[in-house]
Amino acid sequence: MEANAPLSVRFVCNIEGSGAYGVGSLSSRTKFSDELMQMRTRLTDRLMTCGTSRSQVRVLASLTLALAAVGAINGNSLAGVCVGDFDGNSAVDGADLAALLDAWSSSNAQFDLDGSGNVNGGDLAIVLNAWGACSVAAAPVEVAIACSSSLEFPWAIPFDSFNFGEAAFASVDPARFSDLAGRTVDLFVLANRSSAQWASNLTLVDVRGAAQPFVVAATLASSITSINLVGVSAGDGDSPGRGLDLVIDADRDGTLSAGDLIDGSGDGPGMWLVKDLTASGPHTVTTLASYDINDPDVLDTMELERIYYPADIASLTSRPLVVISHGNGHQYTWYDYLGTHLASWGYVVMSHQNDTVPGIETSSTTTLEHTESFLAQLGTIAGGALLGKVDSTRIIWIGHSRGGEGIARAYDRLFDGTFTSPNYTKDSVLTLVSIAPTDFLGTASANPHAVPFMLLYGSADGDVCGCPDSEVPDSFNIFERAEGLRQSTYVHGADHNDFNCCGFNDFSGPTGTAIANTEAQRIAKAASLSMIRRVVENDRSTEEYLWRQYESLKPISVLATTTVINEWKPASANLAVIDNVQTNTATNLSSAGGAVSYSAVNAIVESIHNDNNITFTWATTDPMNGATRGRTTDATRALVFDWTAAAFGAWSVPAAMKDFSSSRFLSLRAAQGTRHPNTIAALGDLTFTVVLLDELGVESAIRISTFKGGIEEPYQRTGYGTGTGWQNAMETVRIPLASFTADGRAVDLSRIATVLLRFGAADGSSQGRLVVDDLQVEHD
Amino acid sequence: MKNTVISAVSTSVLTSVLTSVALVSVAAASAVPPNSTTNPATTPSTPSGEVAPPSKAPPQVQGMPSVPATPAMVTEVLEAIPFELANSYVHNMRKDVVTVTRGHVLVIRAPKAFLIPRQLADSVLLVGAQTAERCNVGYESGVLVVVVPQTSEVGSDGVTRVADPLRSRIYFASPELPERVDAAWIAAEAAKADAAKLPATCAVNARALNGARTFDDRDALGLLIADLIARYAPDELERAEALRAVD
C-alpha cells in the first residue's frame, strides 16, 4: 500500500485546449502540456461524474490525471471533482452563479466550462444542471488490498510481501466502503505501473488473463479472499520480488474508474511476489578461487582473496561490492555459500584473508586495505573483467566473529578519519553485516555509528556466546550502538561456525535443537540478501522479511520448525519516539515527556541492557538479568516489569505528536526475561494487546498474536548459574496503523491520546516478565 | 543455476576432520559453560533474592571447551629452523611491532586444549620474551608451526646475546589479543611462569635443530612454512595451499 492516503482535490474550472486552473490544494495555476491534453482523449466518460457532458467529463478527467502525473495531487490518487463549484464549498450555489455572471462573455478559462472560448449560456447550463450540493462520486481510492488474514481483529493485515507459491489474500473493508457490501466485484492483479503509467493508461489488464470475481460481504472478516496466483511468476530481474498492483473493479468495466479501489497507484506496487531468498539469483557465477593483491600495506601472509561475480558482468552496469572478512581460525575460502549466493543476485563479492590473530585493530586494517587494493586493481583482477563494473560508491562489508567486529572498527576508523583511502570513503560503505561479532574494543571503537547495520547471531554459539560474565562475547553490544537503520536476525539452534563451511563444532544448547550449518546458511543467505537489497537498491520487496514475525513470513526454503527472531529499527529520521527509555529515566515519564502509568504490573525498572552479574540465574537484585546488550559504558536502556494478573502500562502521547494519521506503523521491541519464574511458568510465545486510545476515549485494540507468534521464549540453554534460558532476545512488534481503524473501528488516528499495553489472560499471556523498549511511531 | 569455478581449492579434508572432532559432551543441567575468559571454570556465586529454579532442564550439549589454565608449557619442540630474510617484514603479534629479518620457524607439539580456534582471547604463545606467530591452528594434529622473530637477551653474566629459542621457556601465557601485548605484559607473564615454577626451557626433540636457511622475503619463507604444515598438520592442507598460492 502506498504510504500516503489519497488526497481529494477539487477543481472549479478548466478550459479545453489552452489551460486549466485549480483551487483547493493547488496554490497556483497549472498549465497543461500538449502531451497531457492528448492523454485526456484516451479517457472514457466514466472517470469523473460531476460534469454534465461527455466533453466536460473528458476535460475534468484530463485535468485530474495531469495533476496526478505532475505530482500535484501526490501522484497516487485520482481526484473527485465538482464542476461549477467555483469557490470550493462543496456546493454549486448562488455564489458560484454570481461568479459566473461576473465573468460573462469573457474568455476567463476558469468559468468557460464547456471550453467554447468564452463564458456563455453553455456554461450557465452546466452550472444550473449541477445545482446543489456536490455529489461527487468516489474517485478510485488508494487503499491496502493485499493482506494476510487473521482469525481475529483486524482480520486483514496489510502486508505487501508474499512468498511465491504461498497464500496471499485480498480484502475490502465494507465498513469503509459500504457501497460495495453485498456486491460482486472484480479483483485485478496487474503488472506494477508507475503513477505516470497509471495516468496514461486506466485499462485493467490482469496478468492471469482474467480478473477474479470477489463477493464483498457485510463484514471485513468475510470479505477476504485468497488471490489466485496460479501461473503468476515471482521475481523481477535482480530483484527477488515482482511488483504487482491490485485493483477492485467495483463496476466491473475493466477500467480504473470512480468507485474502484487500487493498491499500487503510485510508483510502488501493491504487493510483491517473492522468490525463495535462499535460492540462487538469475546470474551464473564465476569464481576466481585465489587472487594475490600483492599490497605492501597488507601482511604478506594475508594477501589472498577469493572473488565471485556474475558471469555475464560484461553486459551489466557497475555492481555494488560485497567484502567478506572472516573470523579467527577461519579461512577466506570458507564463505563460498555467501559469495556465490550474492554474486548470483548480481553483486561482486570479494572474500579476503583476514589478519585476526593479532586482534581487532589488525583485522580492521586488513579489511580497509583489501577493499582499497581490490578497487585499485580492477584492471588486473580476472583479466580486467571487473574494470568499470564495480561501483566503488556502493560497498557492503560482511564480517564474521573477530572479522565482524573488525568491520565495525574499520567503519569507525573511516568515520573518525584515522584511515583514508583514495578509492573509497566512509560514505561509500552503505551497509555492515556482522555475524556473531566479538566486542573486544568496546563503545568508542567498535561502533557502526549511523551506517545501516545487520547482526546475524545464533543462540547456540559456544564461542561468542553472549555470556554474562564478560563483555567480549556479547555481539549485541555492537548492534545496540548502531544509530542508523538496524536489523538483527537471531537464530535458535545455530552455533558460531554454522555460518561458515568448516569451522569447529561449537554448538552449545539443548540436545536436538541444533539446526546445523545448511539451515543456518539458508537463513544467512536470505537475511543478508534482504538487507542489501533493501538498503543498497531500495528494494522494498525484501523488507518485510527483516521485521515480520518469522511465523508470518520466512524465506521459502527455511524450515517451518526453525525459530528466528527479527529485530528492526528504522533510522531516527523515520520515526517518532514515544518511549525509548533513553531519556526521562523515571518509570512514570516517557522519553517524549508523557506520563506513564501502570496497573498491576510489578517490579518496574528502567536500566541499561546489561546483566549486572556473572550469571543468568534470576535474582531480584538483577532486574536486567539476561540482557547482554551493553557495557556499562554503553547508553542503551530498556524498561522491564512482570505481571501475574490483568495489568497494563499506559503511555500518554504528548499533544505535539498525537497525530498518527500520516505514519505507517506503531512499533516496539520486547523480550521475555530469561529464567524469571513467570517466564518459566508460561513457557512459550508471550503475547499481549496493544491499544490506541483517542482523545474522545475511543479505543482500538490488537493482540500481537494476530501477527502470528509472539515474543519468543528464551532459548532453553543452561549454564551460567541455575535455571534454564539463555540471553534475552529482543523482538520487534510492528503494527500497521491502518489496522487500528479496520472493520469500522472509530479511533481517530489524528488524535491519539494514549498507547496502552494490556496484559493478562484476557489480552494474551496470563503472566510474564517483559523487557520493553523503543515504543515509537514509524513513518517509512 | 550453475557456478563456474576457475580453480577451486578443496576443503573436504578439513571439513571432514573438523566435523569429526569429538568434543561434544552432555553436561549437567546446572553446569557452567566453560568458555568464559574472565572466570574460567568458575561456578558463580548465588545472588541474594534468588528464586528457586525449575527442576527440569533439557539435556545439553556443550561444544566449546574452556581456555586451559595458564601459564603452561608446550609439550615439545619438534623442529627449529633459523632463517634470515633479504627483505624484512613486520611482526604484528605485539603492540610494539618489530621488523623482522632473522628468527626461527619452530614446530611445536602442544596440548590440544590450547589449540582450539576461538574468537575470544586465546592464550598468547611466548618464546622467551617474544610472541610467536601461529601459522596454523593445530587442533587436530596437536602441532603448531610458528615464527619467532629474533630477540636479544641479557645473560646472567650481563652480556647481551641473541636469544636461542631452544634455550628459552616456550609457554602459553594469559589469554589476550597479541596486538595489545607489550614488553611489560610479557615480563609480568614471565613472572607468573616463574611463580608457577615452569621450567626454564622445554623439551627439544633430538633432531630438532636444523641449519639456517635464507629467503628472499616472507612470501618465500611461507613456502617453508607450508611444507611444515603439510607434513605435521596434514588436516590443514588448505592453509598450506594458501601459503603456496602467493605470487
Take the residues in region A:156-200 that are of a type in the set (Asp, Glu) and under 18 Å from A:GLY241 (Cβ atoms); name whichever of them is surrounded by the fewest Cβ atoms within 10 Å (Cβ to Cβ). A:GLU166
Which of the residues that make up region A:164-195 are out of contact with any Leu (no Cβ under 7 Å at 6 or more places or on another chain), outside any loop (DSSP other than H, G, I, E, B) and polar (S, T, N, Q)? A:SER178, A:THR184, A:SER195
Out of A:ALA656, A:ALA560, report the one residue that is over 30 Å from A:LEU693 (Cα atoms), without any contact (Cβ under 8 Å) to a residue 12 or more places away in the chain and not in a strand (DSSP E or B). A:ALA560
Pull out all pairs, ordered by first then second residue, where Cβ-Cβ is under 9 Å, the residues are six or more apart or on different chains, the first lies in region B:236-247 and is in contact (Cβ under 8 Å) with a residue 40 or more places away in the chain, and the second is among the charged types (D, E, K, R) and part of a loop (DSSP other than H, G, I, E, B). B:GLU236/B:GLU140
Meets criteria (farther than 30 Å from A:VAL215 by Cβ and either in contact (Cβ under 8 Å) with a residue 60 or more places away in the chain or in the same structural domain as A:THR706 (by TED's automatic domain parsing) (or both)) for A:PHE111: yes
Restricting to region A:363-382, count the residues that are touching a Gly at 6+ places or on another chain (Cβ under 8 Å) and within 12 Å of chain B (Cβ to nearest Cβ). 3
Only one of A:SER530, A:SER541 is within 21 Å of A:ILE395 (Cβ to Cβ) and either in a helix (DSSP H, G or I) or away from chain B (no Cβ under 13 Å) (or both), namely A:SER530
In the list A:PHE453, A:PHE419, A:PHE415, which residue meets the criterion of being aromatic (Phe, Trp, Tyr), closer than 29 Å to B:CYS135 by Cα and modelled with pLDDT of 95 or more? A:PHE419
Count of residues meeting criterion [within 14 Å of chain B (Cβ to nearest Cβ) and buried (at least 23 other Cβ atoms within 10 Å of the Cβ)] in region A:653-679: 5
Filter region B:118-141 down to the residues that are within 22 Å of B:ARG244 (Cα to Cα) and not charged (D, E, K, R) and list them by number. B:ALA132, B:CYS135, B:ASN136, B:VAL137, B:GLY138, B:TYR139, B:SER141
Within region A:241-252, is even one residue surrounded by fewer than 20 Cβ atoms within 10 Å (Cβ to Cβ) and among the hydrophobic types (A, V, I, L, M, F, W, C)? no
Within region A:703-732, can you find the residues that are hydroxyl-bearing (Ser, Thr, Tyr) and at the interface with chain B (Cβ under 10 Å from one of its Cβ atoms)? A:THR718, A:TYR720, A:THR722, A:THR724
Under the condition of being surrounded by fewer than 22 Cβ atoms within 10 Å (Cβ to Cβ) and over 20 Å from A:TRP726 (Cβ atoms), which residue from region A:638-648 is nearest to the other protein chains (Cβ to nearest Cβ)? A:THR644
Here are the criteria: (1) in contact with a Lys or Arg (Cβ under 8 Å, 6 or more places away or on another chain); (2) crowded, with 20+ Cβ neighbours inside 10 Å. Tell me which single one A:GLY406 does not satisfy. (1)
(1) within 7 Å of chain A (Cβ to nearest Cβ); (2) at pLDDT below 50 all hold for B:PRO59 apart from (2)
Give the residue, chosen from B:VAL90, B:VAL67, that is within 21 Å of A:ILE614 (Cβ to Cβ), at pLDDT 50 or above, not in a helix (DSSP H, G or I) and not basic (Lys, Arg). B:VAL67
Please determine whether any residue of region A:755-768 is under 23 Å from A:PHE641 (Cβ atoms), within 14 Å of chain B (Cβ to nearest Cβ), of a type outside the set (Phe, Trp, Tyr) and in contact (Cβ under 8 Å) with a residue 60 or more places away in the chain. yes
Determine, yes or no, whether A:ARG631 is basic (Lys, Arg), more than 14 Å from chain B (Cβ to nearest Cβ) and in contact with an Asp or Glu (Cβ under 6 Å, 6 or more places away or on another chain). no
Among the residues of region A:485-504, write down those that are within 12 Å of A:ALA460 (Cα to Cα), part of a loop (DSSP other than H, G, I, E, B) and more than 10 Å from chain B (Cβ to nearest Cβ). A:HIS492, A:GLY493, A:ALA494
Somewhere in region A:334-351, is a residue crowded, with 24+ Cβ neighbours inside 10 Å, assigned by TED's automatic domain parsing to the domain that holds A:ALA527 and over 33 Å from the mean Cα position of the chain (by Cα)? no
Can you go through A:LEU430, A:LEU455 and tell me which one is in a strand (DSSP E or B), more than 14 Å from every other protein chain (Cβ to nearest Cβ), of a type outside the set (Phe, Trp, Tyr) and closer than 24 Å to A:ALA671 by Cα? A:LEU455
Within region A:505-517, restricting attention to residues that are part of a loop (DSSP other than H, G, I, E, B) and touching an Asp or Glu at 6+ places or on another chain (Cβ under 8 Å), which residue is farthest from the other protein chains (Cβ to nearest Cβ)? A:ILE515
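Results for (1) under 23 Å from A:ILE396 (Cα atoms); (2) surrounded by fewer than 16 Cβ atoms within 10 Å (Cβ to Cβ); (3) touching a strand residue (DSSP E or B) at 6+ places or on another chain (Cβ under 8 Å); (4) small (Gly, Ala, Ser), shown as yes or no for each residue.
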site: A:TYR550; (1), (2), (3), (4): no, no, yes, no
site: A:TRP568; (1), (2), (3), (4): yes, no, yes, no
site: A:THR587; (1), (2), (3), (4): no, no, yes, no
site: A:SER591; (1), (2), (3), (4): no, no, yes, yes
site: A:HIS609; (1), (2), (3), (4): no, no, yes, no
site: A:TRP618; (1), (2), (3), (4): no, no, yes, no
Can you spot a residue in region A:348-357 that is outside any helix (DSSP H, G or I), touching a Lys or Arg at 6+ places or on another chain (Cβ under 6 Å) and either of a type in the set (Asp, Glu) or more than 13 Å from chain B (Cβ to nearest Cβ) (or both)? yes
Among the residues of region B:125-148, which ones are within 11 Å of chain A (Cβ to nearest Cβ), out of contact with any Lys or Arg (no Cβ under 9 Å at 6 or more places or on another chain) and not in a loop (DSSP other than H, G, I, E, B)? B:GLU133, B:ARG134
Looking only at residues in region A:253-293 that are away from every other protein chain (no Cβ under 14 Å) and assigned to a strand (DSSP E or B), which one is surrounded by the fewest Cβ atoms within 10 Å (Cβ to Cβ)? A:THR255
Please verify whether region A:305-314 includes one or more residues that are more than 20 Å from A:ASP498 (Cα to Cα) and within 7 Å of another protein chain (Cβ to nearest Cβ). yes
Taking region B:180-236 and keeping residues part of a strand (DSSP E or B) and not β-branched (Val, Ile, Thr) leaves B:LEU209, B:ARG213, B:PHE215
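The values are calculated or read from the model by the stated rules, or taken from the named source; none is laboratory data. Given the structure is predicted, the values throughout are model-derived calculations rather than measurements. Heads up, the Cβs are rebuilt from the backbone with ideal geometry, glycines too, and the neighbour counts pull from every protein chain shown.
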